[in-house]
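Visitor: Please read through the structure below; I'll follow up with questions.
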Amino acid sequence: MNKNYTLKRWTAETAGVSVTAHGISIHAELYGRESNGILLYDREGSEPVRIDFTEEMRLGSTYRCMLSGVSARDHVYLFHEDGKPVADPLAKRLVGHRLFGEEHRAAGKKDALKTCAFVSDEFDWRGDKRPGTPYEDSIYYGMHVRGFTRDASSRVREAGTFAGAEKKIPYLKKLGVTGIVLQPVYEFEECMRQPKARNVSEAALQQTADEPEMRLNYWGYLPGFYMAPKNAYAYGENAVTELKTLVRQLHRNNLEVILQFYFEPSTPVFRIRDILLYWVRQYHVDGFELLGGALPLKEIALEPGLSDTKIWSEWLPFEEIEEARRQKVSYPLTEVCGGQRRKKSWGKEKRYLAGFGKTYQNTMRRFLKGDGGVMAEFLRCQRENPEGCGQINYLATYNGFRLADVFSYNVKHNEANGEENRDGENNNYSWNCGTEGETRKKSILALRTQLMKNGLIMLFTAQGTPFLFMGDEWGKSSGGNNNPYCQDNEITWQKWNLKKTEKEILAFTMQLIALRKAHGIMHQEKPLKLMDYLSCGYPDLSYHGREAWRTSMEYQVRNIGVMLCGKYCVVDGREDECLYIAYNMHWEPHDFALPKLLKGKRWKLLVDTAGEKLEEPADTKDNKTATTMAAEKSAGETVVCTEMEAGSAVSSDSSDSVHSSNVSSQSVTLPARCARIYVSEEAPGAPKRRNRGNKTVK
């Protein structure tokens, strides 16, 4: 190595090591008592050159300096503390760990992380821009980079890598999603050592159990090198370039990229901010889903550099964040224009924060399997659409039962994880439709398919933002394993050679996504009010039962009709059509009244989850416990929901005449456990409607 280098004090702009026009910028946190510095290795693996940092470069436990005269392309590095080599926790790229899982474990030291690579910020983004899709127009698709294309059926040469995922962008576009959510893609050690026994019982189990010393963490919710993309997810030598290329290509196809990050409670807020800002600046990602306990979400959300980045979390203190933002605002309320002072005009504020909790999932699952007393919460979840932040809805995700398993298993089956089925969630709100697991009974298979379709209708007709995890779009099963964190195999991999029923479910999912995109009334920017504030004779959202405009919230009620009035969504001067979604989650058929439409309009059946009439197994027809039956007998009128109270506001003078004329509404009968979607259309011979000007309302 050429030793004609210079090292001088320098105020590094960012934490970590960066390649700049002036040389190699270093901002390192080191704790050696006698000496701290950097070790430079050439690519041939010779002995390193040790360069010590000086006291003038030190500020507390950090050293900030500029190293010049060293070729970043020809060298790699480690830091040293009192001469002992240590890896840079903020390394932008690492050398080694090119294999994953069992292959990585078998290779041992040959595939260990060895050194850190210098990374240049230069990359040809080719005018890349974030899509900036608002939550009301978004549909997200969660995936594991390796699992998405690892299966041989993907027919991708770059299987299990960033490049492999890029090859499947046409599939994502055809499916209709607007963004992907990636499980951790930063460098982590997936082969974990077994934890030490905490008591005598655990020690005895470890002695008798025939388990390897290492356990696999396929998901990657672990601490790691948060600024470095995972080498094992790259097909080529440079994971940095490959991941940036994937992001660029996704953006070119108008697809957003949300990254999941797991942080331990001990991670300082400044470190989390530095990491997230780096990924925004250098990888152009659109947002983050943050996982971990005691996260400083308020401080992260208030970071100015992340103000236009989507931040998701299960527990988001939105009210605290909004209050802090109001206190921080110091901009003038007026501006000078043409020599005159006027009130300052601010553009429409986008929503960037979003909740990602389990309330929607659990409520939908209970309603789908026919639990009583769920109606009010079901309707609230379906219309939930906070004005100041987003609401991400899902029926299933990486953690818990897959959508297909919700209707195939009553209990978890995690034996393959090697933890004696003690891991994973115990309460899954699932129902096996009469047989646990796989079956050949056509009646049960048909019922399971119908229930999946019912759930998909709920997901895509809710006002919140839909989220699908890979495989749920066609009904993938994980064999009842609701915690497959250690399964790097067909249990977690996406399959691409689908069977007839799986293709049917996939086509159904694509139909629903296209329907949602075609009708803005299904995904409004602001919350629906359940009121006729346009004085058009119809509220924006209304509920119906056996009679139009009348419904019941009694404990035993499991069926309801929901109408969305298209007059409240005008795009380019054209009103949307009205939609009526009928949900019958009862094990018996029920009549529904479709409200009478304005003159010249009629209802058209668009989607129906019931094919041939289903006959449930006799021993599961009721799907309710003795406790549930007793509760239904005693509940009566005690359950009151806000929908009924809000609905009373609809009966204003301007709409009474329309409602009274709806007595002659159309009546339809829905089979058991069925959902339908009706859309309004022009009746034959009806005069063409007039559009409301050129104003765009959504």
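Visitor: In Å and from the alpha-carbon atoms only, list the Rg and Dmax of segment 99-162.
Guide: Looking at segment 99-162, its Cα Rg and Dmax stand at 17.7, 49 Å.
Visitor: Please give the net charge around residue 238, taking every other residue with its beta carbon less than 10 angstrom from that of residue 238, where Lys and Arg add +1 and Asp and Glu add -1.
Guide: Local charge sum for residue 238: 0.
Visitor: Using a 1.4 Å probe over the heavy atoms of the protein chains, calculate the carbon and sulfur portion of the accessible area of segment 58-202 as a whole percent.
Guide: 50
Visitor: Counting only protein heavy atoms, what percent of the accessible surface of segment 397-550 is carbon or sulfur at a 1.4 Å probe?
Guide: 48
Visitor: Continuing with this model, one more query. Among 577, 187, what's the order by accessible area (1.4 angstrom probe), most exposed first?
Guide: Highest to lowest solvent-accessible surface, that is 577, 187.
Visitor: Using the Cα centre of segment 465-591 as the reference point, and only Cβ charges (+1 on K/R, -1 on D/E), how large is the resulting charge dipole? Debye, rounded to the nearest 20.
Guide: On the way: 14 positive and 17 negative charges, 29 e Å.
Dipole of segment 465-591, to the nearest 20 debye: 140 debye.
Visitor: Ignoring ligands, DNA and RNA, what accessible area per residue does segment 40-147 give at 1.4 Å, in Å²?
Guide: On the way: 5210 Å² over 108 residues.
Spelled out: the 1.4 Å probe surface of segment 40-147, per residue, equals 48 Å².
Visitor: Rolling a 1.4 Å sphere over the protein heavy atoms, what is the accessible area per residue of segment 528-618, to the nearest Å²? Numbers along the way, then the final one.
Guide: On the way: 3910 Å² over 91 residues.
Value returned for segment 528-618: 43 Å² of accessible area per residue.
Visitor: Over 19 Å between Cα atoms: which of 174/526; 476/500; 567/601 fall into that group?
Guide: With Cα atoms farther than 19 Å apart: 174/526.
Visitor: For residue 92, go through the aspartates and glutamates and keep the ones whose alpha-carbon is under 12 Å away, minus same-chain ones fewer than eight residues off.
Guide: Straight-distance partners of residue 92: 121, 187.
Visitor: Right, another one. Assuming R0 = 35 Å, can you tell me the calculated FRET efficiency for the pair residue 252 and residue 496, based on Cβ-Cβ distance, to the nearest 0.05? Spell out each step's value before the answer.
Guide: Details: r = 23 Å, r/R0 = 0.66.
In this case the efficiency is close to 0.90.
Visitor: Still on this structure, I have one more. How much net charge surrounds residue 609 when only other residues with a Cβ under 9 Å from its Cβ are counted (Lys, Arg +1; Asp, Glu -1)?
Guide: Here the count lands on +2.
Visitor: I need the semi-axes of the equivalent ellipsoid of segment 411-495: take the C-alpha gyration tensor, multiply each eigenvalue by 5, square-root it, list largest first in whole angstrom.
Guide: Equivalent-ellipsoid dimensions as semi-axes: 23, 18, 13 Å.
Visitor: What is the dipole size for segment 362-475, taken about its Cα centre, with +1 at each Lys and Arg Cβ and -1 at each Asp and Glu Cβ, in debye to the nearest 20? Intermediate values should be presented prior to the final figure.
Guide: Details: 13 positive and 14 negative charges, 114 e Å.
So the magnitude is around 540 debye.
Visitor: A follow-up question, please. If I take R0 = 56 Å and measure r between the Cβ atoms of residue 506 and residue 82 in this structure, what FRET efficiency does the formula 1/(1 + (r/R0)^6) give, to the nearest 0.05?
Guide: 0.40
The values are calculated or read from the model by the stated rules, or taken from the named source; none is laboratory data. Fair warning: this is a prediction, and the values are worked out from it, not measured in the lab. Cβ coordinates were reconstructed from backbone atoms using ideal geometry, including for glycine residues, and neighbour counts include every protein chain displayed. For the accessible areas, the whole protein counts, side chains as well, though only heavy atoms, and no ligand, DNA or RNA atoms are used. Shrake-Rupley method; radii C 1.70, N 1.55, O 1.52, S 1.80 Å.
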